Every structure is written in structure tokens, then in C-alpha cells.
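Below is the structure I would like to discuss, written out as C-alpha cells.
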Amino acid sequence: MVQQKKIEITAAAAERIRQCPCLVFVDYRGMTVGEATKLRRRCRENGVHFQVIKNRLIKRALAESALAPPEKVLEGPTAVALALKEPTAPARVLLEFKKDSEHVAIKGGFLGKTWLEPPAVEALAKIPSREVMLARLTGSLKGPIVRVAWALRAPVAKLAMALKAVASRTPTAA
């Protein structure tokens, strides 16, 4: 590879790493082209950038981003899955794909500046997405408000019925 091309790849990777909230390292040994295409498609659909970069170049990009994974992580074939929006997306997509393919092995990852071992990445995958968490929060806030509204409505409705009954009994002076 030409030196200038390596510099460009490293700079682009470093910029993506600085902007992403989470990244996961994957061993893709034995993966077929069809499986790799399927994985890339799933990643794209879920807002994840999946890239295979030479270990030397990814080490430089990580160093520029002030991140340092354990040495054993960047040995052998390594791909990087970077979250573009949702921090849990790379872990979730890779764990789902791992069910279909035995050729994917999670090596670890970063959540912000914190290093995550493979079991922690798997635990991260089980955290619901932001949209699901917001929906749950909205539901839990909505429940008590609706009950209060019904409780306040009942006395007002009874008062309205009583006033209507009194008004219907009283002769109108016309």
C-alpha cells in the first residue's frame, strides 16, 4: 500500500473513532464473502460502520484518539464496528449475527474511553436502544398522569350531573 493511502486511511479511521460513542473489535476468521456482505448490510441498516483495517493502521488511529486496547486484541484478522448513532448498536448487531455465523468472535470494545471485555460487550448488546428506553419512560410517566386525570374527572362529572338534575327540577320563570 502506498504511504499516502495509509495516512489517509488512518486519518479517516481516527476521525470516525473520535466521533463514535462505541466501537467493537471482531475476529472474522473463516467468514465467507456472502456472510461478510450480510453482516455489512445489517450494520448499515442499524447505523453501524463495519470496516476491516490492517492492525498497524488501526493501532495508529486508536493512538491518535487516545485509546489503547490490550495488545492481544489487535492480533490476527480484526474488523472494527463503529456506532454512528446508537451506542449499543454495534454490540447488538454483532451478537445477533453471531447467532447465525460461528465465524464471528467478539474481541472487545470501547464505550467512550472505557475498555470492555467480550462479556461486557455482550451485556451492552442486551441494553435496549434509546428509542425503546424513551418509549418505556413515556409509558411510565403517562400512567400516573392518566389515573390522576380520571380521578379528577369523576367528581366534576358527578357535580355536573347534580347540577343538571337540580336544573331540571326547578321551574323556569319565563
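I'd like to verify a number: residues in region 97-130 that are in a helix (DSSP H, G or I) and closer than 18 Å to C43 by Cβ, how many?
Quick first cut of region 97-130, residues in a helix (DSSP H, G or I) only: 97-100, 118-125, 130.
So of that shortlist, the ones also closer than 18 Å to C43 by Cβ come out as 97-100, 121-122, 124-125, 130.
Counting residues in region 97-130 that are in a helix (DSSP H, G or I) and closer than 18 Å to C43 by Cβ gives 9.
K126 versus (1) modelled with pLDDT of 85 or more; (2) under 13 Å from the mean Cα position of the chain (by Cα); (3) closer than 16 Å to R18 by Cα; (4) loosely packed, with under 13 Cβ neighbours inside 10 Å: which is the lone unmet condition?
Failed condition: (3).
Can you pull out the residues in region 5-48 that are among the aromatic types (F, W, Y) and at pLDDT 90 or above?
Step one: list which residues in region 5-48 are among the aromatic types (F, W, Y), which gives 25, 28.
Result: F25, single match.
For E35, indicate whether it is in contact (Cβ under 8 Å) with a residue 24 or more places away in the chain, assigned to a helix (DSSP H, G or I) and charged (D, E, K, R). Break it down into steps so the answer makes sense when it comes.
Working: in contact (Cβ under 8 Å) with a residue 24 or more places away in the chain: yes; assigned to a helix (DSSP H, G or I): yes; charged (D, E, K, R): yes.
Considered against the rule, which asks whether it is in contact (Cβ under 8 Å) with a residue 24 or more places away in the chain, assigned to a helix (DSSP H, G or I) and charged (D, E, K, R), E35 comes out as yes.
Only one of these conditions is not met by P87: (1) in contact (Cβ under 8 Å) with a residue 60 or more places away in the chain; (2) over 21 Å from Q19 (Cβ atoms). Which number is it?
(2)
When you look at L111, is it in contact with a Pro (Cβ under 8 Å, 6 or more places away or on another chain) and either surrounded by 10 or more Cβ atoms within 10 Å (Cβ to Cβ) or not polar (S, T, N, Q) (or both), yes or no?
Values: in contact with a Pro (Cβ under 8 Å, 6 or more places away or on another chain): yes; either surrounded by 10 or more Cβ atoms within 10 Å (Cβ to Cβ) or not polar (S, T, N, Q) (or both): yes.
Spelling it out, L111 is indeed in contact with a Pro (Cβ under 8 Å, 6 or more places away or on another chain) and either surrounded by 10 or more Cβ atoms within 10 Å (Cβ to Cβ) or not polar (S, T, N, Q) (or both).
Is it fair to say S65 is within 22 Å of the chain's Cα centre (by Cα), among the polar types (S, T, N, Q), surrounded by fewer than 21 Cβ atoms within 10 Å (Cβ to Cβ) and closer than 22 Å to A12 by Cβ? I'd like the intermediate steps shown before the answer.
Working: within 22 Å of the chain's Cα centre (by Cα): yes; among the polar types (S, T, N, Q): yes; surrounded by fewer than 21 Cβ atoms within 10 Å (Cβ to Cβ): yes; closer than 22 Å to A12 by Cβ: yes.
Yes; evaluated as a whole, the condition is true for this residue.
Could you say which residue among L67, L82, L94 is part of a loop (DSSP other than H, G, I, E, B) and over 18 Å from E131 (Cβ atoms)? Reasoning before the result, please.
Details: L82 fails: part of a loop (DSSP other than H, G, I, E, B); L94 fails: part of a loop (DSSP other than H, G, I, E, B).
The unique qualifying residue is L67.
Of all residues in region 1-18, count the ones that are touching a residue at least 60 places away in the same chain (Cβ under 8 Å) and either within 17 Å of K98 (Cβ to Cβ) or of a type outside the set (K, R) (or both).
Initial filter on region 1-18 (touching a residue at least 60 places away in the same chain (Cβ under 8 Å)): 13, 16-17.
With either within 17 Å of K98 (Cβ to Cβ) or of a type outside the set (K, R) (or both) added as a condition, the list becomes 13, 17.
Summing the residues that are touching a residue at least 60 places away in the same chain (Cβ under 8 Å) and either within 17 Å of K98 (Cβ to Cβ) or of a type outside the set (K, R) (or both) in region 1-18 gives 2.
Follow-up question, since we're still on this one. Please determine whether any residue of region 75-93 is touching a Pro at 6+ places or on another chain (Cβ under 8 Å), crowded, with 17+ Cβ neighbours inside 10 Å and within 19 Å of G34 (Cα to Cα).
yes
Residues of region 1-27 being of a type in the set (S, T, N, Q) and surrounded by 13 or more Cβ atoms within 10 Å (Cβ to Cβ), which ones?
Initially, region 1-27 is screened for residues of a type in the set (S, T, N, Q), giving 3-4, 10, 19.
If the condition is that a residue be of a type in the set (S, T, N, Q) and surrounded by 13 or more Cβ atoms within 10 Å (Cβ to Cβ), then T10 is the only one that fits.
So V166 ticks every box in (1) exposed (fewer than 10 other Cβ atoms within 10 Å of the Cβ); (2) hydrophobic (A, V, I, L, M, F, W, C); (3) assigned by TED's automatic domain parsing to the domain that holds L84 but one. Which box is left unticked?
(3)
I'd like to verify a number: residues in region 42-63 that are assigned to a helix (DSSP H, G or I) and farther than 14 Å from F110 by Cβ, how many?
Step one: list which residues in region 42-63 are assigned to a helix (DSSP H, G or I), which gives 42-45, 55-63.
Those still in the list that are farther than 14 Å from F110 by Cβ too: 42-45, 55-57, 60.
Adding up the residues that qualify gives 8.
The values are calculated or read from the model by the stated rules, or taken from the named source; none is laboratory data. This is a predicted model, so every value here is computed, not measured. With ideal geometry, Cβ positions are generated from the backbone for all residues, glycine too; neighbour counts draw on all protein chains shown.
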